[in-house]
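One structure is given below, represented as structure tokens, and several questions about it will come after.
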Amino acid sequence: MSPITFLTLSLSAMLHLTPVLAAQCGAEAYGGAGQPGQCTGAHIASASQSGEGFSSCQLAVNAACVDIVAETGGSDCSVFLYSGEGCNEDEVVNFLDCNDEGDVLQQNFVSFRVGCAT
């Protein structure tokens with residue numbers, strides 16, 4: 001086997017063994033917002049999504065803050081906050097990109113979900 005053929009086969013095998021991690025994001029809703037950049041109060045609900053699509057809609061009545069608790073490739077994911085209970089697109093009040101664990105958005109909302117692109 002020629003050195004070029006060996007190198008080509010080796011690189012091809014390595015590419016097939018390299019795992020591709022899907023974007024994922026986890027977020028938690030809380031009942032209070034403390035100092036800027038902090039959530040306080042009772043934990044109300046959690047949502048997460050791994051890979052393309054949306055998590056189920058999480059009811060979080062009287063929530064005042066959302067916190068990013070997990071992310072991988074999070075720039076492809078966002079947490080969407082809604083003024084109504086059904087996560088309807090026309091009721092989006094704000095969103096937070098899942099760039100870094102620990103990111104916080106202080107915003108009153110009623111429901112939320114996580115969405116990720118490919």
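For Val93, what is the net charge nearby, where nearby means another residue's Cβ is under 14 Å from its Cβ and Lys, Arg count +1, Asp, Glu -1?
With Lys, Arg at +1 and Asp, Glu at -1, the neighbours total -3.
Note the full-extension length gain between Val69 and Glu91 as 0.36 nm times their separation in residues minus their Cα-Cα distance, in nm to one decimal.
5.5 nm
Laboratory data are not the source of any read-out in this text; all were calculated from the coordinates shown. This is a predicted model, so every value here is computed, not measured. Positions of Cβ are backbone-derived with ideal geometry, glycine not excepted, and every protein chain shown enters the neighbour counts.
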